[in-house]
């Protein structure tokens, strides 16, 4: 249904019809698949890189200047690529790894490559904000660096990490929409193919609605989790 | 009698924005075993840096630190980590781990020693009783008052039976009542456990109340040291004189303001 032929009210009404959602549900499934896989990769790699960035820095617990600078430069390079360019660049990589340069799996590589550096910086920031005194206290008890990282630093900053992950997850959701243009399917693909190319504005409205719901759900869950932990620790 | 904690010609400087600021300029400190030793001075005098050099939270530029027979400044990283378990330290901001309960905070240094679970339970209970916080065992630091937090800090510092306790402005963030209680606690553990305590402070009252001996630090050097009584009855250094003057000034004011209420 196009807004050129029908009234806004009718289009909106039709956006929630079975006809539209029969097309949309599989696409939402694709989007969730991409988001979840990318999120797991981003989470694991991002935390690892974030820790390395934080501990090897000048003020970190074990400064390694070349590693800090080298990793920082690589991350900055990756972050300076707009996501659409990242997708194009990683297409050959996807072809080499998966045999084809299109489809949901191929795009996960690009999504992870784009979101991991961002998440790593957020984690670094969260770790750097931890009071130096706590780390010193652990040191003064004879704690090894590994125990300081996993026994003190990470548990202390979990609420901040959850918030950072919420931001990353929403970035991933918005990026999957872009990936739809490159044969990845998903909600973004539907929006472009039906909503833009064919003027099916009911489809467009439905995709917008589903994206808003997804982002709201993620943000709410993130807020609630970090708040629950802070409350348990009586910090708020 | 030979001293238990000893520093020889300790130098330390910090580089900030190209400037080299010399904070310690040849500190020779001698503390007897079982003593409660105060180090006083104004902000920026270097007293905090001095105590942090003793367990090498700051690496001195040159000079030596001894505790007993061990030359702290000669230890490797690994040896230092092991030795630090026998040097307790408490802080102005308590530095408790907010993610851990009181129990877990005190258990942390014991876990580093790979103690058995049952032994940890027992030891933590002992320590909680010593500092009088048994009923707060499962509370989070966020639920505690300043004085209670510092008690946990002390319990945590004592967990591995250290023979030295370094106190870096441990009472400076507390109200007078809690300060007094913490000082009494420190005196108790000094007596009962024979701990040697080095106490950094800018509060003259604290030194008068608790310490046997005191060193006055001014601009990176020790300008005066000796028994607390002698130093503050008859200070020779500038810092000592100012401290005494301020202390007297306060007493005068207290008297006047006390009279107003009548």
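Residues in region B:79-102 that are within 7 Å of chain A (Cβ to nearest Cβ) and at positive phi: B:95 alone. When residue A:212 is tested against (1) out of contact with any helix residue (DSSP H, G or I) (no Cβ under 7 Å at 6 or more places or on another chain); (2) closer than 23 Å to residue A:30 by Cβ; (3) touching a residue at least 12 places away in the same chain (Cβ under 8 Å), only condition (3) is not met.
Provide a single number: the residues in region B:95-113 that are outside any helix (DSSP H, G or I) and at pLDDT below 95.
Step one: of region B:95-113, the residues outside any helix (DSSP H, G or I) are B:95-101, B:113.
Checking the rest, the ones that are also at pLDDT below 95 come to B:113.
Going through region B:95-113 one residue at a time, the tally reaches 1.
Please state which one of B:210, B:195, B:204 is under 21 Å from residue B:180 (Cα atoms), surrounded by 17 or more Cβ atoms within 10 Å (Cβ to Cβ) and at pLDDT below 90. Before you say what the answer is, go through the steps one by one.
Working: B:210 fails: at pLDDT below 90; B:195 fails: at pLDDT below 90.
Just one listed residue meets the conditions, B:204.
If you go through region B:5-22 one residue at a time, do you hit one that is free of Cβ contacts under 8 Å to residues at least 60 places away in the same chain, within 12 Å of another protein chain (Cβ to nearest Cβ) and buried (at least 18 other Cβ atoms within 10 Å of the Cβ)? The answer is no; no qualifying residue exists. Mind checking whether some residue in region A:211-220 is farther than 24 Å from residue A:50 by Cβ and crowded, with 21+ Cβ neighbours inside 10 Å? Within region A:211-220 (the criterion being farther than 24 Å from residue A:50 by Cβ and crowded, with 21+ Cβ neighbours inside 10 Å), the answer is no, since none of the residues qualifies.
Here residue B:107 fulfils each of the conditions (1) within 30 Å of residue B:220 (Cα to Cα); (2) within 12 Å of chain A (Cβ to nearest Cβ); (3) under 22 Å from the mean Cα position of the chain (by Cα) apart from (1). If you filter region B:172-192 down to residues that are within 25 Å of residue B:56 (Cβ to Cβ), touching a helix residue (DSSP H, G or I) at 6+ places or on another chain (Cβ under 8 Å) and in contact (Cβ under 8 Å) with a residue 60 or more places away in the chain, you find that the one that is nearest to the other protein chains (Cβ to nearest Cβ) is B:173. What residue, among those in region A:190-236 that are outside any helix (DSSP H, G or I) and within 14 Å of chain B (Cβ to nearest Cβ), is modelled with the lowest pLDDT? Residue satisfying both the conditions and the ranking: A:236. Residue A:124 fulfils the conditions (1) within 12 Å of another protein chain (Cβ to nearest Cβ); (2) closer than 30 Å to residue A:93 by Cα except for a single criterion, (1).
Within region B:114-149, the set of residues being within 12 Å of chain A (Cβ to nearest Cβ), more than 23 Å from the chain's Cα centre (by Cα) and not in a helix (DSSP H, G or I) comprises B:114, B:138, B:139, B:140. Within the set B:50, B:57, the sole residue that is under 17 Å from the mean Cα position of the chain (by Cα), assigned to a loop (DSSP other than H, G, I, E, B) and surrounded by 14 or more Cβ atoms within 10 Å (Cβ to Cβ) turns out to be B:57.
Please tell me if residue A:91 is surrounded by fewer than 22 Cβ atoms within 10 Å (Cβ to Cβ) and under 19 Å from residue A:45 (Cβ atoms).
Values: surrounded by fewer than 22 Cβ atoms within 10 Å (Cβ to Cβ): yes; under 19 Å from residue A:45 (Cβ atoms): no.
No: the conditions fail for residue A:91.
Considering only residues that are assigned to a loop (DSSP other than H, G, I, E, B) and more than 8 Å from chain B (Cβ to nearest Cβ), look in region A:127-148 and name the one that is farthest from residue B:109 (Cα to Cα).
Step one: filter region A:127-148 for residues assigned to a loop (DSSP other than H, G, I, E, B), giving A:129-131, A:141-144.
Those left that are additionally more than 8 Å from chain B (Cβ to nearest Cβ): A:129-130.
On the way: A:129: 23, A:130: 20 Å.
It comes out as A:129.
The requirement of being within 14 Å of chain A (Cβ to nearest Cβ) and either touching a residue at least 24 places away in the same chain (Cβ under 8 Å) or assigned to a helix (DSSP H, G or I) (or both) is satisfied by residue B:155.
From the set of residues in region B:60-74 that are on the phi < 0 side of the Ramachandran plot and in a loop (DSSP other than H, G, I, E, B), which is modelled with the lowest pLDDT?
In the first step, residues of region B:60-74 are kept if they are on the phi < 0 side of the Ramachandran plot; the result is B:60-62, B:64-67, B:69-74.
Narrowing further to those that are in a loop (DSSP other than H, G, I, E, B): B:60-61, B:69.
Details: B:60: 95, B:61: 95, B:69: 91.
My answer is B:69.
Evaluating residue A:109 against the criteria (1) more than 14 Å from chain B (Cβ to nearest Cβ); (2) at pLDDT 95 or above; (3) over 11 Å from the mean Cα position of the chain (by Cα) leaves one unmet condition, (2). Modelled with pLDDT under 95, closer than 18 Å to residue B:168 by Cα and within 14 Å of another protein chain (Cβ to nearest Cβ) - does that describe any residue in region B:30-48? Yes, region B:30-48 contains a residue that is modelled with pLDDT under 95, closer than 18 Å to residue B:168 by Cα and within 14 Å of another protein chain (Cβ to nearest Cβ).
Quick check on my filter: what residues within region B:201-244 are closer than 22 Å to residue B:4 by Cβ, in contact with a helix residue (DSSP H, G or I) (Cβ under 8 Å, 6 or more places away or on another chain) and part of a strand (DSSP E or B)? Correct list: B:201, B:213, B:214, B:216, B:217, B:224, B:225.
The values are calculated or read from the model by the stated rules, or taken from the named source; none is laboratory data. Predicted model, so just to flag it, every value in this text is computed and none were measured. FYI the Cβ positions are ideal-geometry reconstructions off the backbone, even for glycines, and counts take in every protein chain you see.
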